[in-house]
Amino acid sequence: MRIFIVDDHPIFREGLIARLSMDDDFVIVGQAANGKEALEKMPNLMPDIVLMDISMPEMNGMDAAEIFKDKFPEIKILILSMHDDKEYVLSVLNRGVRGYALKDISAAEMFYALRVIHNGGIYYSRAISDLLVQSSLEPDKNTVLTTREQTVLRLLASGLNNKELARELDISVRTIETHRRNIKDKLAIKTSAGLVRYAIDHGLDD
C-alpha cells in the first residue's frame, strides 16, 4: 500500500519511513511537514493512506483532514498523535478520518492499523477506544435503544468485531448480529461505519 507521512518533526518522519520501509507491504510515496504542503503534493502522488499528525504549523491535521475529505475522499487518513484529549479526538473523527492512534503505539500495532484501514475498516488504538467507551452514550430522545443495544453500540465504537463482542458479552455471534441489525433498523443506518459515527456523534458527552 502507498503511504504518505505528514508530521512537522523531521526525525519522527525519518523514523517512520525507516520502520515502514522494512515491510514489503508498504511503499512510502512522499512526506510533508504540514497539511498545506501535503495537500499541494497529493494530486501527483495519490497515496492509499495518509499517516498524519494533528499539531503542525501553517495547517494542522484537523483542517487538512477536512479538505482531504472534500478533495480526495478516496484517500484514507490515519491520525498518529500525542493528543488523547476527548475534544481533539472527536474533532478529528468528525472530519472523516479512518483511524486515530497515539504515538506511543508499537510498530506492530501501527502496521496492523494501516492494514485494517487499507481493507476498509476503522481503527482506534486501545487508549482511544477506552476514551470512547468510558463516555456515556445518549441516543436521540426519539430513538429507543434497549440497554443491551446501547452496550453493543458502545463496544462497536471501541472497534470490536462480532466475535469479540460475543465473547465480551458472553452471548452468541448470531445474537450479536441480531442486535446490530435491530440497531441499524432503529437508527436508519445501513453500515457498521455509520453506527460507529453515530456513537461518536451522539454518545460522547460527560
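Pairs with C-alpha atoms separated by more than 25 Å, drawn from the list K36/K69; K76/K186; K36/K103, are K76/K186. Straight Cα distances below 19 angstrom link K86 to the aspartates and glutamates D53, D63, E66, D104, D130, E138, D201, D205, D206, with same-chain residues fewer than 8 positions distant left out.
Going by how many other Cβ atoms sit within 10 Å of their own, how do T178, T147 line up, fewest first? Can you show the working numbers first?
Numbers: T178 13, T147 7.
Listing T178, T147 from fewest to most nearby Cβ atoms yields T147, T178.
If you run the Gaussian network model on the chain, springs between alpha carbon atoms under 10 Å, then out of G194, G121, G15 the most flexible one is G15.
Please label the shape of segment 2-125 as rounded, prolate or oblate, based on the square roots a ≥ b ≥ c of the eigenvalues of the alpha-carbon gyration tensor (a/c under 1.5 means rounded; beyond that, a/b larger than b/c means prolate, else oblate). Rounded shape, in that the Cα axes give a/c under 1.5.
Go ahead and set up a Gaussian network model of the chain, Cα springs under 10 Å, then flag whichever of I171, I79, I122 fluctuates most. Looking only at I171, I79, I122, the biggest GNM fluctuation is shown by I171.
FYI, it's all coordinate maths here, none of it is from the lab. For clarity, every value in this text was computed on a predicted model and none was experimentally measured. Please note: Cβ atoms are built from the backbone with ideal geometry, for glycine as well, and neighbour counts cover all protein chains shown.
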